[in-house]
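The block underneath contains the structure these notes are about, expressed in structure tokens.
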Amino acid sequence: MNSMAHSIEARSISDKATWEQFVAGREESNFLQSWQWGEFNKKLNKTVIRLGFYQNNTIVGVCSGIVENARRGRYLAVAGGPLIDWTEGHVVTAALEAIKGAAKEHRCVYVRIRPQHVENEILYKTFTHAGLKKAPMHLTADLTSQIDLTQPVETLLANMRKTTRYEIRKAESLKIHIETSTNPADMDTFYDMQMETAKRHGFVPFSKQFLVEQFKAFAADGNVLLYKAFHEKQLLAEAFVIFYGHEAAYHYGSSTDAARKFPGAPLIQWEAIKEAKQRGMKRYNLWGIVPEGVTGHRFSGVSVFKRGFGGQDVAYMPAHDIVIDSVRYSLNYAVESLRRKLRRL
């Protein structure tokens, strides 16, 4: 066979339509490799790398990476990607070499990837063969709870935990109502509520710029909704839900003290699930959870809440690193390993 038939050329992609046509058509893709995610990061003054991998002038893969300026060394973060066929050895080799080359150009110590593929032994072997090293820290959520939206609405409701169904019905009987918005100005209240939630649960909140710019990027294409739950005029809870490709993702949420008495959050999720189904999405991703049975973790409570909607636990391949500067990487590896242990991540 002509070796040219297997040759892969890496090119920078600057055309949104070209990018989105490929990414949105991939079964495994979600917003992390979307054009909008890159645009959002640009607004935070980060360098965004968009590579396309071509075979015989046809795109066979893409990779969106964000250059992150960490204290112990700059690195290239590829969350939810690269989007390639991991069973095609020549594609894998060429793509990883191109990604590594781009990282070197930006003086990165390493590349951290976390493809949107379910954890499996074949892919572990592929990663090992390609020289990738399992990362000491996650890049984005490895373990998620996801709902199959191809089922009838009645089945989705029936699959929920009994207490979750009860809370949804209680919310409806209390006449809790849900409003949605695509106006970035409404992120002000979400930010304020997030600050309250962070104080209650002891986590570091996102900056206002981070949340607003992200919302703006996805709102521009109609790919996001901000959900708000009210009891009479009292705001109970909010949720930031992204609709992209085949997947809707519950990305961020916040609540007030009043939400303990009035179940606004479960009703928000039910409305978002129905909206995702109406949009033709195949799955609803409730995002990160802790392993079943883990208690005492700061995400234990929210994990119980998410599992109540009857989804399945989906474990993705954990983050892996392509090492460029081995000396500086070793220091970073040691520090991140210790941090993970101390934080019980």
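How much length is gained if the chain between Glu68 and Glu292 is pulled fully straight, taking 0.36 nm per residue apart and subtracting their Cα-Cα distance, in nm to one decimal? Display every interim value, and only then the final one.
Details: separation 224, 0.36 × 224 = 80.64 nm, distance 3.20 nm.
Gain in length upon complete extension: 77.4 nm.
Of Lys175/Lys228; Lys199/Lys277; Lys162/Lys274; Lys175/Lys233; Lys228/Lys306, which ones are farther than 23 Å apart at the Cα? Can you show the working numbers first?
Details: Lys175/Lys228 14 Å; Lys199/Lys277 34 Å; Lys162/Lys274 18 Å; Lys175/Lys233 11 Å; Lys228/Lys306 18 Å.
Cα-Cα > 23 Å for Lys199/Lys277; rest within.
Can you tell which of His297, Ala272, His320 lies farthest toward the positive end of the dipole of segment 266-345, using +1 and -1 charges on the Cβ of basic and acidic side chains (Lys, Arg; Asp, Glu)?
Farthest towards the positive end: Ala272.
Which three semi-axes in whole Å describe the equivalent ellipsoid of the chain, each the square root of 5 times a Cα gyration tensor eigenvalue, listed largest first? Write down the numbers at each step before the final one.
Working: eigenvalues 257, 99, 78 Å².
Taking √(5λ) for each Cα gyration eigenvalue gives 36, 22, 20 Å.
Is the C-alpha gyration tensor of segment 271-345 telling us rounded, prolate or oblate? Criteria: a/c under 1.5 is rounded; beyond that, a/b larger than b/c is prolate, otherwise oblate. Could you put the intermediate results ahead of the total?
Values: a/c = 3.84, a/b = 1.78, b/c = 2.15.
Because a/c hits 1.5 or more and a/b fails to exceed b/c, segment 271-345 counts as oblate.
Could you do me a favour and compute the accessible area per residue for segment 62-157, 1.4 Å probe, result in Å²?
Working: 4180 Å² over 96 residues.
Spelled out: the 1.4 Å probe surface of segment 62-157, per residue, equals 44 Å².
Going by a ≥ b ≥ c, the root eigenvalues of the Cα gyration tensor, does segment 193-318 fall in the rounded group (a/c under 1.5), the prolate group (a/b larger than b/c) or the oblate group? Please report the intermediate quantities before stating the final value.
Numbers: a/c = 1.30, a/b = 1.06, b/c = 1.23.
Note, shape of segment 193-318 comes out rounded.
Between Ala17 and Thr140, what is the label-to-label distance in nm when each label sits 7 Å out along the Cα-to-Cβ direction?
Label at Ala17, label at Thr140, 2.6 nm between them.
Just how large is the dipole of segment 199-345 about the Cα centre, in debye to the nearest 20, putting +1 at every Lys and Arg Cβ and -1 at every Asp and Glu Cβ? It would help to have the intermediate numbers written out before the result.
Numbers: 22 positive and 13 negative charges, 92 e Å.
That gives segment 199-345 a dipole magnitude of about 440 debye.
For segment 274-345, which trypsin sites (Lys or Arg not before Pro) are in a loop by DSSP, counting at most 11 other Cβ atoms within 10 Å?
Numbers: sites: Lys274, Lys277, Arg279, Lys282, Arg283, Arg298, Lys306, Arg307, Arg328, Arg339, Arg340, Lys341, Arg343, Arg344; in loops: Arg279, Lys282, Arg298, Arg344.
The qualifying sites are Arg344.
Quantify, in whole percent, the carbon and sulfur part of the accessible surface of the chain (1.4 Å probe; protein heavy atoms only).
On the way: 8520 of 16580 Å².
Of the solvent-accessible surface of the chain, carbon and sulfur hold 51 percent.
Would you please state which residues of segment 285-320 a label at Lys170 would reach in this model, taking the label point 7 Å out along Cα→Cβ and a backbone N cut-off of under 18 Å?
301-310
Could you tell me the calculated FRET efficiency between Thr163 and Arg200, based on Cβ-Cβ distance and R0 = 30 angstrom, to the nearest 0.05?
Values: r = 21 Å, r/R0 = 0.71.
It comes to 0.90.
Take every Cα-Cα pair in segment 43-93 and report what % of them are more than 13 Å apart. Provide the component values of the computation, followed by the final result.
On the way: 817 of 1275 pairs.
So the portion of pairs separated by more than 13 Å is 64 percent.
The values are calculated or read from the model by the stated rules, or taken from the named source; none is laboratory data. This is a predicted model, so every value here is computed, not measured. Here the Cβ is made from the backbone with ideal geometry for all residues, glycine too, and neighbour counts use every protein chain on show. For the accessible areas, the whole protein counts, side chains as well, though only heavy atoms, and no ligand, DNA or RNA atoms are used. Shrake-Rupley method; radii C 1.70, N 1.55, O 1.52, S 1.80 Å.
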